[in-house]
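A.B. asks: Below you'll find the structure I mean.
Just so it is clear, none of the values below were taken in a lab; they were calculated from the coordinates. Bear in mind the structure is a predicted one, so any value in this text is a computation, not a measurement. We place every Cβ from the backbone using ideal geometry, glycine too, and count neighbours over all the protein chains shown.
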Amino acid sequence: MMLEKRRHKRFKLDLIELNGTLNLATKVEIIDISFGGVALKVDRRLNIGKECLFKLEDERNSIDVKGVVVRCKLSGFEERYNRDRVSIYTAGMRFQEGSADTVADFIRSSIAA
């Protein structure tokens with residue numbers, strides 16, 4: 001059995017309906033999220049160490065959370081409506097210190113809805 005080393009529990013998005021946007025990417029898909037960070041699929045490479053503003057939203061509310069990109073790697077390609085092929089990246093972002101309570105409250109309110 002492998003020990004869980006994460007500080008925060010991860011939430012799969014089959015439990016809750018959350019969306020995310022970044023000012024740097026057109027397409028953002030949340031893979032999973034915790035109170036301390038988020039795993040994403042995005043349509044552009046994010047530079048490791050770069051600070052980003054991430055908007056997290058459900059059907060009623062939204063919050064803005066600052067985060068830092070901690071990993072990003074090419075994971076595939078996607079064809080768009082105009083037949084252009086776009087690179088898809090899997091990225092991880094760690095939320096800034098002090099954001100955990102805000103994110104936790106937001107996720108809890110989304111689950112409770």
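A.B. asks: Looking at segment 30-61, which trypsin sites (Lys or Arg not before Pro) are DSSP coil and have at most 14 other C-beta atoms within 10 Å of their C-beta? Intermediate results must be reported in sequence, preceding the final value.
C.D. replies: Numbers: sites: LYS41, ARG44, ARG45, LYS50, LYS55, ARG60; in loops: ARG44, ARG45, LYS50, ARG60.
Those satisfying the criteria are LYS50, ARG60.
A.B. asks: If every alpha-carbon in segment 11-102 counts as one equal scatterer, what log10 I(q)/I(0) does Debye give at q = 0.17, 0.22 1/Å?
C.D. replies: Taken in order of the listed q values, log10 I(q)/I(0) reads -0.71, -1.12.
A.B. asks: Moving to a separate point now. Given H placed on each backbone N at 1.01 Å, which residues far from GLY37 in sequence or on other chains put an amide H within less than 5 Å of it?
C.D. replies: PHE95
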